[in-house]
Amino acid sequence: MSEPHTICDVDHTFYKIIEGRPLRQFDDIKVYMRNIRDITLFKANAAYLKDQIIQVDTSFAFENAEHKAIDRLFWKVKDYFVQFAKESYTTAKNIQKIAEDKARQLEAATEELEALCFNFVAVRNKLGVIIINFETLSKYRQFLNNLSPAAWREKYDQQYEETKSLVSAKESDYKTSATMLKDIAPKLFFTRPRQMSIIFDNLSRQCLSYMQIDVFASSLLASVMKSRDYLKVQVMEEIDELQDLVETYRGYVEFMEGKEQEAKVKFERVLENEFQTLYASYDASKLFTCLQYTNTQVFHGPEDPKDSIMTLMLHLERDYMELSSGLDDLNLEVVKQATSEFFSEDLKMMKRAHKAQRDLKECDILNKALYTSFEPPRWKCKK
């Protein structure tokens, strides 16, 4: 086998023609191998097309069954909704009738209240005028009571204080105050103008006595003024001592302010780090992205640049509550049956997909074996 050979050395059916070139026959080995390869590829393509047809038929049957189940459920829900609309319409008519009756009653009560309010305002205005007049007279009475003797004031001035408290009562207590003012009898020490002149004469004589006392006390005042300078020096010494104490405490206050500034800087630094962690960290951005994607893609909500994590969570909670309330209106048996059918169909589809994947894997192994069979022997490749 050290010398090169041709097909003529292997197959003696070849006949040579001009220039020694072989004449290839129809029963050649390469023609046979090419026919086997074409037949194998044709069968593989036919198996692949058959698998595609089976998958199409299976998906069509599944979609047809699901469409029928959804159609039955739709008509059932439609009948329930029509029945619910009829009952709701009857209930709404009854509520509307009751609301109209209550509205008429409220209108009558409103008219009556307006009439009472008009009378109340008129009475309150009259009472306000009376109380203003009473306040003016009470001020004059207070002036006379201040000029009255102390013994008389100790006996009757308490009654005046009670009357004053009644006048300053709240507006809601006007009726009670007016009733009690009727029962208060006027108590005055001065009943004639002559008594006032006598009082003023006594006051003038008292002022003259005070002037005499002032002349007598002037000599004493001079001696007091002389000792004022000595007392001022003592006060200045005490002021200096107090200033030293103030400087000491001021230094202590400045030291504490410095400590406060250091604590403030540390607190602000911690606050900035916590703010970075809570609002600008990777986890917060990831949570905001997930919430926004769920709100826009799953629940088809609007995307607002002003949205925050709190608003997005509130939107998701509201959508979840709406879906939960909608599911509560459905029949539980129908929901359970549809859920079981849905999962059973998913299981069947998974089994079919696993089987198809295994068939494709076997087909791939067969293709590799076919391609390997058409390659030259390894010992030739090594040479």
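The values are calculated or read from the model by the stated rules, or taken from the named source; none is laboratory data. As the structure is a computational prediction, the values presented were derived from the model and not from experiment. All Cβ positions, glycine included, derive from the backbone under ideal geometry; neighbour counts span all protein chains shown.
Just to check your reading of the model, which residue among Lys264, Lys368, Lys286 is in a helix (DSSP H, G or I) and closer than 30 Å to Lys43 by Cβ? Just a single option satisfies the conditions, and that option is Lys368.
Could you go through segment 237-260 and let me know if any residue there is modelled with pLDDT under 85 and among the β-branched types (Val, Ile, Thr).
Let us first name the residues in segment 237-260 that are modelled with pLDDT under 85, namely none.
No; the residues of segment 237-260 include none that is modelled with pLDDT under 85 and among the β-branched types (Val, Ile, Thr).
Residues checked against (1) more than 30 Å from Phe84 (Cα to Cα); (2) outside the structural domain of Asn295 (by TED's automatic domain parsing):
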| position | (1), (2) |
| --- | --- |
| Thr311 | yes, no |
| His315 | no, no |
| Tyr320 | no, no |
| Val335 | no, yes |
| Ser340 | no, yes |
| Met350 | yes, yes |
| Glu375 | yes, yes |
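Of everything listed in (1) among the acidic types (Asp, Glu); (2) over 30 Å from Arg37 (Cα atoms); (3) surrounded by 11 or more Cβ atoms within 10 Å (Cβ to Cβ), the single unmet condition for Glu333 is (3). A Cβ distance below 6 Å, combined with a sequence gap of six or more or placement on separate chains, defines the contacts here; from segment 284-305, residues that are without any contact (Cβ under 8 Å) to a residue 40 or more places away in the chain reach residues that are charged (D, E, K, R) in the pairs Thr296/Glu303; Phe299/Asp319.
Do we have Met321 as within 30 Å of Ala338 (Cβ to Cβ), modelled with pLDDT of 80 or more, part of a helix (DSSP H, G or I) and within 31 Å of the chain's Cα centre (by Cα) here? The answer is yes for Met321.
Filtering Ser344, Ser324 for residues that are small (Gly, Ala, Ser) and closer than 26 Å to Cys290 by Cβ leaves a single hit, Ser324. When we screen Lys139, Lys170 for residues that are more than 53 Å from the chain's Cα centre (by Cα) and either modelled with pLDDT under 80 or within 21 Å of Leu203 (Cβ to Cβ) (or both), the only hit is Lys139.
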